[in-house]
1. Kindly indicate whether Val142 is out of contact with any Ser or Thr (no Cβ under 6 Å at 6 or more places or on another chain), hydrophobic (A, V, I, L, M, F, W, C) and without any contact (Cβ under 8 Å) to a residue 40 or more places away in the chain.
2. Please work out which residue is nearest to Asp308 (Cα to Cα), limiting yourself to segment 115-172 and to residues that are assigned to a loop (DSSP other than H, G, I, E, B) and polar (S, T, N, Q).
3. Just checking, which of Val104, Val133 is modelled with pLDDT of 85 or more, of a type in the set (A, V, I, L, M, F, W, C), farther than 30 Å from Thr224 by Cβ and touching a helix residue (DSSP H, G or I) at 6+ places or on another chain (Cβ under 9 Å)?
4. Look at segment 110-137 and say how many of its residues are touching a Leu at 6+ places or on another chain (Cβ under 7 Å) and either closer than 14 Å to Asn66 by Cα or not assigned by TED's automatic domain parsing to the domain that holds Gln87 (or both).
5. Given the conditions (1) in the same structural domain as Lys293 (by TED's automatic domain parsing); (2) assigned to a loop (DSSP other than H, G, I, E, B), which single one is not true for Cys176?
6. Please verify whether Ala103 is surrounded by fewer than 17 Cβ atoms within 10 Å (Cβ to Cβ) and in a loop (DSSP other than H, G, I, E, B), treating the condition exactly as stated.
7. Restricting attention to segment 298-335, and to residues there that are of a type in the set (Asp, Glu) and over 20 Å from the mean Cα position of the chain (by Cα), which single residue is farthest from Lys198 (Cα to Cα)?
8. State whether one or more residues within segment 33-43 are modelled with pLDDT of 80 or more, touching a helix residue (DSSP H, G or I) at 6+ places or on another chain (Cβ under 8 Å) and not in a loop (DSSP other than H, G, I, E, B).
Amino acid sequence: MPLPRKKENKGLPARWRFKHGAYYYQVPIGLEAQWDGKQLFRLGKSLPESYRTWADRLSTLDDAKNIAELLDRYALQVVPTKSITTQAQNSVAIKRLRAVLGAVPLQSLKPRHVYQYIDKRQAKVAARREVEVLSHAYTKAVEWGYLDRHPFKGEVRLDGEKPRTRYVEDWEIIECLSIESRRKAGSVLAIQAYIRVKLLTGMRRGDLLRLTMSDLKDDGIHVTPGKTENSTGKRLIIEWSDELREAVSIAKSARPVQIAPWLFCTLRGECYFDEETGRAGGWDSMWRNFMSKVLETTKLKEKFTEHDLRAKCASDAETLEHARALLAHADGKITERVYRRKPERVKPLR
C-alpha cells in the first residue's frame, strides 16, 4: 500500500519519501529483487548521498517526458561530478524546480515560464541559481537527444548580481593579526594563521581546511582543488617562499592537537570540513566570533568575509595571469570580474 504523501516530500523524485531523518525509495511492486528484497529502500541521510545510492541502483533513463524526469537524470549523472558543496546546492535547487515545474512537458517550457518562475519567488538570488541549474539540465537534454535546441538559452535576460567590491586593506589585516589570544592554540591563533596562509595562496576555504600534513612536500603545497577534482582533475603545486613557510609554521604551532593529520583541526584533531555536506559549521562559527572581536577591539568599522581574503590575494597579485593561476580558474574572465578588486591605475597623457 503506497505511503501517504507528506508535505515535506514535495519536490522529491517520484516514489521518494523522507521519514525518521532519512530518504527512502518506495520500490515498485515486482522490482523488490533489484532493491535487496525491500519494499522501502533506505537511500541515505542527505540528498547528495541519496542521489548517489539511487544512481548506483537505477539504470540510465532512456527518455524523459517532463522536466521532473530530466532533472532525475541530471541528478543521477551530472550532479555527482561536481564538488561536494555544489552537489548540495544543486540538490536543493532540483527539489524546488521539481515542485514547481516537474509536471511540465519537456518541450513545453518557454522563456516566459522562466521569467514567471523568478517573478513569483521572493528569494530572487536563489531563484536565479535554480534557473542556472535548469538551463544546464536543458543543455544536457540537447546532448542526450531529448531536444533539438535549448528552449531559453540566449533568450532570457536576467539582471545579474553585481560582483562584491569589498577590498581588504593591508592595515585591516594588521589589525586582525594584532589581537592577542587567551589560548596557546586554536581559536584566535588558528584564524590568524589561516588568514596568513590564505593571503599567500588564495586557496578556497574547503581546500585550505582539508589540507593535510602530507600535502606539505619539499617542493611546495600540493593541492587538488575540490571544485575541479571530479571534472578536470587539475592539480596545483604552490611553491614555497620564505613568507609561506613562516605562515605554515605558525599554522602548525596553532593546532590544538599536534599529531592531527590536518593543518587546521578541531579540538579533537578532526577536520573542520564535512565531506558529506560540504559545510564547515564549526569553522564558520569561529570565524564569526573572531570578526565580532575584531570589530569590538580594533579600528575596523566594517567586517569582511573569509571569501574577501581570496579576492585580496587575487587583487594583490602583480598580473591577472598570476591571480588566475593562484585561484585555479580555467578562465581569467571570472578572476578579472569578481576577484580583482583594486582600482586600475592609469597614467595620464603627456
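The values are calculated or read from the model by the stated rules, or taken from the named source; none is laboratory data. Everything numeric here is computed off the predicted structure, so don't read it as measured data. All Cβ positions, glycine included, derive from the backbone under ideal geometry; neighbour counts span all protein chains shown.
1. yes
2. Filtering segment 115-172 for residues that are assigned to a loop (DSSP other than H, G, I, E, B) and polar (S, T, N, Q), the one nearest to Asp308 (Cα to Cα) comes out as Thr165.
3. Selected residue: Val104, the only one of Val104, Val133 that is modelled with pLDDT of 85 or more, of a type in the set (A, V, I, L, M, F, W, C), farther than 30 Å from Thr224 by Cβ and touching a helix residue (DSSP H, G or I) at 6+ places or on another chain (Cβ under 9 Å).
4. Going through segment 110-137 one residue at a time, the tally reaches 2.
5. Cys176 satisfies every listed condition except (2).
6. yes
7. So, considering only residues that are of a type in the set (Asp, Glu) and over 20 Å from the mean Cα position of the chain (by Cα), the one farthest from Lys198 (Cα to Cα) is Glu302.
8. yes
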